[in-house]
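Scroll down for the structure; my scribbles are underneath it.
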């Protein structure tokens, strides 16, 4: 299943692998436009995780855009909260919100903040961003589901640099101890982090051996091969007796030559010239209404400034 009508149980839409590839590419383009309009954000990681986002939100996770609080939905926790634009675009393309609204990213009053806020946007499960904490939340949700006799899955997206956080390993130990086979961890192994390469800042490998020693089943995949991504996520949902972690080998800044593998693009947004070049490389220059979306962001900003001006005391 995937996108599901929670009332009838019918699948709303079943994406093919080719359609998922195309969706991921489009989502990369929308991501870069939103970041450019915001003037800040995280290009590298949002691009590297986008294939996983597309497969998870459009094909694998059971959820209903018309009923975001459906009790039997799968939960998706973004421990890497700074990659929020990927989350927002996953929700938008799945039908939870309009894609063009994501262009208000990081603007005052927008529900599309730099880190996800669950009270502001339906479909966001948890407010995250402090690295290392998401897996603990996911473990709690998965354990609660077991205690309540529920059968939904809990997914937790993490980064490889995030594995340097000690809290990750406390959560990993607990998940193994309670045999949480309804928990699926996904690590975006894109290698660079904000201060350089993960192996140089503080090496986290061998991740496979470490998670295995805590009682997890480990799957290692090419995180940009949509067949591998979709198959691994489906396989993980069928696990019995222990949690699963998917180690997805990816490229930071995937799809854009001058961003790929560059730690400097961890927390950087493209300017207009860079955006134009990036969209051309992605083959999206003529497919996405760039100026219309940029105008949407500008109009929102004007409205915000007018409200602020009206609220200011006049002497």
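The values are calculated or read from the model by the stated rules, or taken from the named source; none is laboratory data. Note that this is a predicted model, so its numbers are computed, not measured. Virtual Cβ from ideal backbone geometry, glycine too; neighbours counted across all protein chains shown.
Among the residues of the range 146-160, which ones are free of Cβ contacts under 8 Å to residues at least 60 places away in the same chain and closer than 16 Å to residue 223 by Cα?
The initial filter retains those residues of the range 146-160 that are free of Cβ contacts under 8 Å to residues at least 60 places away in the same chain, namely 146-149, 160.
Listed by number, the list holds a single entry, 160.
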Give me the pairs, please: first residue somewhere in the range 280-298 and more than 22 Å from residue 258 (Cα to Cα), second residue anywhere and modelled with pLDDT of 95 or more and outside any helix (DSSP H, G or I), beta-carbon distance under 7 Å, and either six or more positions apart or on two chains. none
On the basis of being more than 15 Å from the chain's Cα centre (by Cα), more than 18 Å from residue 46 (Cβ to Cβ) and touching a residue at least 40 places away in the same chain (Cβ under 8 Å), does residue 163 make the cut? yes
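What about residue 137, is it in contact with a strand residue (DSSP E or B) (Cβ under 7 Å, 6 or more places away or on another chain), more than 21 Å from residue 4 (Cβ to Cβ) and in a strand (DSSP E or B)?
Details: in contact with a strand residue (DSSP E or B) (Cβ under 7 Å, 6 or more places away or on another chain): yes; more than 21 Å from residue 4 (Cβ to Cβ): yes; in a strand (DSSP E or B): no.
For residue 137, the condition - in contact with a strand residue (DSSP E or B) (Cβ under 7 Å, 6 or more places away or on another chain), more than 21 Å from residue 4 (Cβ to Cβ) and in a strand (DSSP E or B) - is not met.
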Pairs returned, first residue in the range 227-245 that is on the phi > 0 side of the Ramachandran plot, second residue that is surrounded by fewer than 24 Cβ atoms within 10 Å (Cβ to Cβ) and part of a helix (DSSP H, G or I), beta-carbon separation under 7 angstrom, 6 or more apart or interchain, are none
